[in-house]
Structures are given as C-alpha cells and as structure tokens.
Amino acid sequence: MGESKPVQNNTKEWVKENEKFFLPPVCNKMMHNDQLKVFFVGGPNQRKDFHLEEGEELFFMRKGNMSLPILTNGNFRTIHIKEGDIFLLPGKIPHSPQREKDTVGLVIERERLPTETDGLRYFVDGTTDILFERWFYCDDLGTQLKPIIDEFFASDECKNGVPGPDSVNKNPPWNPDSKRVVESPFNLQEWLDAHRRLIRSSGSQPLFSPSSYQSNVLVMGLGQGSRTIASPSETLLWQLEGSAMITVGSEDFRLRRDETILIPGGQHFMYCPSTEALTLSTVMDPANKNRPGDN
C-alpha cells in the first residue's frame, strides 16, 4: 500500500471539512491511510483498553489537551499532552488514549509489517495483572478494535473482574518493553523558538534522537539552501513557518504555512526552503525498527 504520487492538503481547511468525524461515535478521520497512517482524532473518547503495537506513534495536540495512560517499568503512568505539545511514543508500550470534548489531535503511525502483531489488553482494576487480551494483525485499526471491545464488555471477565481460562495468551507474539524510559511531551512552538537559529544555519534538527527511536522526526530549514532528499519510505512534510517549494519528479508543489504533503516512498524530492522556512518531516521507515535496541 502507498500513494504513487504526492498528495497535498491545507490542514486547517481539511480539519474544518472533516470536523463532523471527530465527534462520537467515530471520533477520527484518516488524512492518509498508506505506509504512513496520518489521522486526526476528536472526543470525548474514554477507554479502558490498552493498545499494544511494535511501531511508534507521533502525537500532536492541535486543539485542547489529552491524557495518555501507559504501562512502563512495571507501573502505570499518565502522559499529559497539552495543546501545542508534541510527543513520540516508543514501540511496545501499552497505551490508552483519553480524549476530551472539543479537542483535535494529530496521530501518525506506520503500516504494520506482515510479521507484526497488535494487541488489545485490559487489566484487573488497580493492578498490572492482565484481565483480558486479544492479538491480531492490524490493517484497519478503526474497524478492528470495536469487535474486540464488544467481546470484552460481553465477557465474564468484564462482569466478574477475574481472568478466564482463555483470557490471556500464554505465549504472546511479543512482550511489552518494561525497561524503556518514556520521555515527556514538549511544546512544539517553544522548541522551534529555541532551535530556530540552529535550524537556519545547519539545515535541520531532530526533535527526537535518531539513536533512541525508530522514526526520523525533524525540522528542516534554510541551511545551505535547496537540496535533494531521499524518501526511502513515505515522508510527510508539514510546513510550520515560511514556505518551501517541493519538487517530486517533474511536479512542483508550493508548501505554505500549515500545509502538508505526503511524498511517496522509494523516491527523491527537491526541498527549496524560503529564508524563514521551518518544515516538520516525519519518516517511519520499518527498516529502522531495531535501531533503538542497536545502541
């Protein structure tokens, strides 16, 4: 799966056109459903289940705040992502997004490899003991979660709060990362203000250390001017400030503030930034899946 040619969107207009999908019972709408899964999520949406996946998830709160309970180092911890904050959730961390009314958040994750398995897990109240879980290959999270959630709420485990004989997989496809230190969210605009000069002189700066994450999430700017950039897997560019001309093959795309463009994988593109350009680039190449563990 993957787009064969670039797709450009004005984010503000796209969100406005699709805001009806951010309300219950849907609460989300895909902007891109390709190698990169790019979607916006609204609320209210309160969940008891924890999602498990091997890849990473990038969160940005466009409007309002959200909370993200996670299980790490043997304990539950709640990550608070405020309006304007950006956060990269490492892979293999159980997480349960909680969203309030009148909020809109961006989420980016990647297509699963054929060998990867997602999980949905419930815990015994007040403990980290597993109450109920199901594992599945994820090709459409929007439709695959509901049958599992319905199964749980109709189960004896839900009624009694006690695991049953088939509640827990005795040989799960993989175990969550119990040792990973999860970093805190930070305000994207404040980060830009602190790194603006560095980005303008050097040309780019990572938001998250490439040695610690699978994903390459960085902000590009003027640097030495126009340059050719490889897109081994899909690249999502989001223009934060200024403008940039993006050339893919023989096509030119003017990227203005708060516009995005999805670059197909397996290609190169020319990035021609304006003097004031700040462009957020997100690449989730599955070839880097083991990179955090290689360091």
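Would any residue of the stretch 51-66 have its amide N under 13 Å from a label point 7 Å out along Cα→Cβ of Q98? List them or say none.
The answer is 66, whose backbone nitrogens lie closer than 13 Å to the label point.
So how far apart, in nm, are the two label points at T78 and M270 if each is 7 Å from Cα heading toward Cβ?
Computed distance between label sites T78 and M270 equals 5.2 nm.
When all protein chains stay in place, what accessible area (Å², nearest 10, 1.4 Å probe) is found for F153?
Ignoring ligands and nucleic acids, F153 comes out at about 110 Å².
Select from the stretch 1-102 those GluC sites (Glu not before Pro) which occupy a DSSP coil region and have at most 15 other Cβ atoms within 10 Å, ordered by residue number.
Within the stretch 1-102, the qualifying GluC sites (Glu not before Pro) (loop, at most 15 other Cβ atoms within 10 Å) are E83, E100.
Can you work out the FRET efficiency for the pair E13 and S250, with r the C-beta to C-beta distance and R0 = 25 Å, to the nearest 0.05?
The value I calculate is 0.40.
How large is the helix-only mean residue ellipticity at 222 nm for the chain, computed as the sum of -39500 (n - 2.57) over DSSP H runs with n ≥ 4, divided by its residue count, in deg cm²/dmol to the nearest 500?
Counting only the DSSP helices, I get -4000 deg cm²/dmol.
Carbon-plus-sulfur fraction of the accessible area of the stretch 125-208, 1.4 Å probe, in percent?
Using a 1.4 Å probe with all protein chains present, the stretch 125-208 comes out at 50 percent carbon and sulfur.
Can you give me the P(r) profile for the stretch 175-238? Cα pairs, bins 5 angstrom wide beginning at 0, each as a whole percent.
The calculated distribution, bin by bin, is 4, 13, 20, 24, 18, 11, 6, 3, 1.
Stretched out fully, how many nm does the piece from T127 to V181 gain, at 0.36 nm a residue minus the Cα gap?
In short, 17.4 nm is gained.
Once the dipole of the chain is set up with Lys and Arg at +1 and Asp and Glu at -1 on Cβ about the Cα centre, which of P273, P286, F87 lies farthest towards its positive end?
Comparing the listed Cα positions along the dipole, P273 ranks first.
Once the convex hull of the C-alpha atoms of the chain is built, how many Å³ does it hold per residue, rounded to a whole number?
Expressed per residue, the convex hull around the Cα atoms of the chain is 130 Å³.
Normalised by the residues of the chain, what does the relative contact order come to in percent, with Cα pairs under 8 Å and at least six apart?
It rounds to 18 percent for the chain.
What does the charge count near G242 come to, summing +1 for each Lys or Arg and -1 for each Asp or Glu among other residues with Cβ under 13 Å from its Cβ?
+1
Counting Lys and Arg as +1 and Asp and Glu as -1, each charge on the Cβ, what is the dipole of the stretch 1-73 about the Cα centre in debye, to the nearest 20?
380
May I ask you to evaluate 6.51 cos²θ - 1.76 cosθ + 1.60, the Karplus curve with θ = phi - 60°, for each residue of the stretch 70-80 and list the ³J(HN,Hα) values in order in whole Hz, giving x for glycine and proline?
Residue by residue, the stretch 70-80 yields 10, 10, 8, 6, x, 9, 7, 9, 9, 8, 9 Hz.
Kirkwood Rh, the stretch 232-295, all Cα pairs: how many Å?
12.7
For the chain, what is the accessible area per residue in Å², given a 1.4 Å probe and the full set of protein chains?
That works out to 47 Å² per residue.
The values are calculated or read from the model by the stated rules, or taken from the named source; none is laboratory data. What you are looking at is a predicted structure, and each value in this text was computed from that prediction instead of being measured. Glycine gets a Cβ as well: all are built from the backbone with ideal geometry, and neighbour counts include every protein chain shown. Only protein heavy atoms, including side chains, enter the accessible area calculation; ligands, DNA and RNA are left aside. Shrake-Rupley method; radii C 1.70, N 1.55, O 1.52, S 1.80 Å.
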